[in-house]
Amino acid sequence: MNWTAIRAIYMFEMARFFRTLAQSFISPVISTSLYFVVFGAAIGSRIQEVEGVSYGAFIVPGLIMLSIITQSISNASFGIYFPKFIGTIYELLSAPVNFLEIVVGYVGAAATKSMFIGIVILATAALFVDIQIQNWPAMIAFMVLTCLSFSLFGFIIGIWASNFEQLQLVPLLIVTPLVFLGGSFYSISMLPDFWQIVTLFNPVVYLISGFRWAFFGLADVPIMISLFAIAGFTTLCLVAIWWIFKTGWKIRN
């Protein structure tokens, strides 16, 4: 493993992140505050509790998941797309660096950025509501796994995209609606029976359910199924990336 190459890629990506530090941190703080105003105040005034948890606290795991999923995809996809756009990816491919080292550098940086955002949102949420985290190791594990898996997914999107518009296509039209419909701001047990069954086909439900379980001990689906879902998604992304570098799809032509 060429740790020097990994460190160079990682530090380059992190330097780009810190150049826009104010935007990277202020934006999620403002967004989180707006969500609390809209959902916490407006809807929370009508829904006092969900399964014994105050509504303001109940939506915190969903808000964090919404942000780290979108940020992971955005950071990773732009990180690998930009070298494609300006042509420097060919220098990277011709260097004595294998595909695993490239992936670790870019995905590791994207996941680190998303973790920062998640911590900022958690700290911001603590200013609005009283948050009690029952299982810190599980909360951290779910956050890390989500950041890594969706950074891998974003890496794939960055390779697939042919222009800047396509970079936003999947996150805006597919991922964000799935997060909103995946129990971010409600428990799926509040839905009619038919829609509960339909919602279980949304893979994001399992991530949010497991993450919320770490906070409150409440889960819409069994915790082991949530772990299996995120492990399976991560494995699929790794296999897809291995195939991309093996065949040179979208990077050598």
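The values are calculated or read from the model by the stated rules, or taken from the named source; none is laboratory data. Note that the structure is a prediction, hence the values are computed from the model and not measured. Positions of Cβ are backbone-derived with ideal geometry, glycine not excepted, and every protein chain shown enters the neighbour counts.
Could you pull out the residue among PHE142, PHE116, PHE78 that is under 23 Å from LEU227 (Cα atoms), part of a helix (DSSP H, G or I) and touching a helix residue (DSSP H, G or I) at 6+ places or on another chain (Cβ under 7 Å)?
Numbers: PHE116 fails: touching a helix residue (DSSP H, G or I) at 6+ places or on another chain (Cβ under 7 Å); PHE78 fails: under 23 Å from LEU227 (Cα atoms).
Result of the check over PHE142, PHE116, PHE78: PHE142.
Quick check: is even one residue across segment 157-164 crowded, with 19+ Cβ neighbours inside 10 Å, outside any helix (DSSP H, G or I) and under 20 Å from the mean Cα position of the chain (by Cα)?
yes
Looking at VAL205, VAL198, VAL170 in this structure, which one is part of a helix (DSSP H, G or I) and either within 14 Å of PRO61 (Cα to Cα) or of a type in the set (Asp, Glu) (or both)?
Details: VAL198 fails: either within 14 Å of PRO61 (Cα to Cα) or of a type in the set (Asp, Glu) (or both); VAL170 fails: either within 14 Å of PRO61 (Cα to Cα) or of a type in the set (Asp, Glu) (or both).
Testing whether each residue is part of a helix (DSSP H, G or I) and either within 14 Å of PRO61 (Cα to Cα) or of a type in the set (Asp, Glu) (or both) leaves just VAL205.
Can you say whether GLU101 is in a helix (DSSP H, G or I), more than 13 Å from the chain's Cα centre (by Cα), surrounded by 17 or more Cβ atoms within 10 Å (Cβ to Cβ) and among the charged types (D, E, K, R), as far as the supplied structure shows? Spell out how you get there, then give the answer.
Details: in a helix (DSSP H, G or I): yes; more than 13 Å from the chain's Cα centre (by Cα): yes; surrounded by 17 or more Cβ atoms within 10 Å (Cβ to Cβ): yes; among the charged types (D, E, K, R): yes.
Yes, satisfied.
Taking ILE241 as the residue in question, decide whether it is over 21 Å from PHE58 (Cβ atoms), among the hydrophobic types (A, V, I, L, M, F, W, C) and at pLDDT below 90. Don't jump to the end; show me each part of the working.
Numbers: over 21 Å from PHE58 (Cβ atoms): yes; among the hydrophobic types (A, V, I, L, M, F, W, C): yes; at pLDDT below 90: no.
Judged against the criteria, ILE241 is not a match.
Cβ-Cβ below 9 Å, separation at least six or inter-chain, first residue in segment 1-26 and at pLDDT below 80, second exposed (fewer than 15 other Cβ atoms within 10 Å of the Cβ): which pairs?
MET1/ASN98; SER24/PHE18
What residue, of PHE150, PHE128, PHE216, is within 19 Å of GLY56 (Cβ to Cβ), surrounded by 14 or more Cβ atoms within 10 Å (Cβ to Cβ) and modelled with pLDDT of 90 or more? Walk me through how you get there before you give the answer.
Values: PHE150 fails: within 19 Å of GLY56 (Cβ to Cβ); PHE128 fails: modelled with pLDDT of 90 or more.
Testing whether each residue is within 19 Å of GLY56 (Cβ to Cβ), surrounded by 14 or more Cβ atoms within 10 Å (Cβ to Cβ) and modelled with pLDDT of 90 or more leaves just PHE216.
Picking from ILE244, ILE251, ILE188, ILE223, which residue would you name as being surrounded by 16 or more Cβ atoms within 10 Å (Cβ to Cβ), within 19 Å of GLU51 (Cα to Cα) and either charged (D, E, K, R) or more than 20 Å from the chain's Cα centre (by Cα) (or both)?
On the way: ILE244 fails: within 19 Å of GLU51 (Cα to Cα); ILE251 fails: within 19 Å of GLU51 (Cα to Cα); ILE223 fails: either charged (D, E, K, R) or more than 20 Å from the chain's Cα centre (by Cα) (or both).
Being surrounded by 16 or more Cβ atoms within 10 Å (Cβ to Cβ), within 19 Å of GLU51 (Cα to Cα) and either charged (D, E, K, R) or more than 20 Å from the chain's Cα centre (by Cα) (or both) holds for just one of ILE244, ILE251, ILE188, ILE223, which is ILE188.
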